[in-house]
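These notes concern the structure reproduced below.
The values are calculated or read from the model by the stated rules, or taken from the named source; none is laboratory data. As the structure is a computational prediction, the values presented were derived from the model and not from experiment. Surface accessibility is based on the protein's heavy atoms, side chains included, excluding ligands, DNA and RNA. Shrake-Rupley method; radii C 1.70, N 1.55, O 1.52, S 1.80 Å.
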Amino acid sequence: MRTRFTTLLLALALSGCASIARARGPNVDLPSGDARRVAVMAVVDSALGHINSGDLIALSDLMLPEAQFFPAREQTGRGGTYTVRTMAAQRAAGKRAPIIERGYDATVRVAGTIASVWMPYDLWAEGKWSHCGIDLLTLVQVGSTWRIANFTYTVEQPPACRMHPDGVPAGYKAPPK
């Protein structure tokens, strides 16, 4: 009887340790003050800054040489389609017109030297609403630096996605209702 009781206590203790490990592991959104989250989001925020300024060369500097972009679009009656752009193609594009892409409510997960960021966004161009969707970035830590390995994003319209919680950016027109 005592052996079964000891075995039960050990099993409960180990399951508690496993729960704690899972809670701190890669399947949990990192809290805002976590140093790993801060480092990963610094790269993501920098990428959005370069996207917004139209500086695709600076954006490509944040990427691994083998990195790729995967824009995914829904097409009525045809399902989803996607295109692929390499880091080299991104770099060759150089500059384009500035836009406003705003990410929010990011979920950040880190396991060792890989990280993922799932983040809703909205995008404004030429003075008006363009689209919204999800940015999904995979980053790899090379030495002490995080680099973008993959940048996949959806291109959608409400109600599939929504505008940034801050509302319409200054100087832009609200979308028609």
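Here are some notes:
- Computed over region 131-171, the ratio Rg/Rh where both radii use C-alpha atoms and Rh is Kirkwood: 1.17
- Probe 1.4 Å, accessible area per residue of region 19-177, Å²: 55 Å²
- Carbon + sulfur, % of accessible area of region 58-165 - ligands and nucleic acids excluded, 1.4 Å: 57 percent
- Backbone phi angles across region 124-129, fed through the Karplus curve with coefficients 6.51, -1.76 and 1.60 (θ = phi - 60°), yield HN-Hα couplings of 10, 9, 6, x, 8, 4 Hz in residue order; Gly and Pro are listed as x.
- The slack between A35 and R73, meaning 0.36 nm per residue of separation minus the straight C-alpha distance, is 10.3 nm.
- Taking every Cα-Cα distance in region 104-177 and sorting them into 10 Å bins starting at zero, the pair-distance distribution P(r) comes out as 19, 40, 25, 14, 2 percent.
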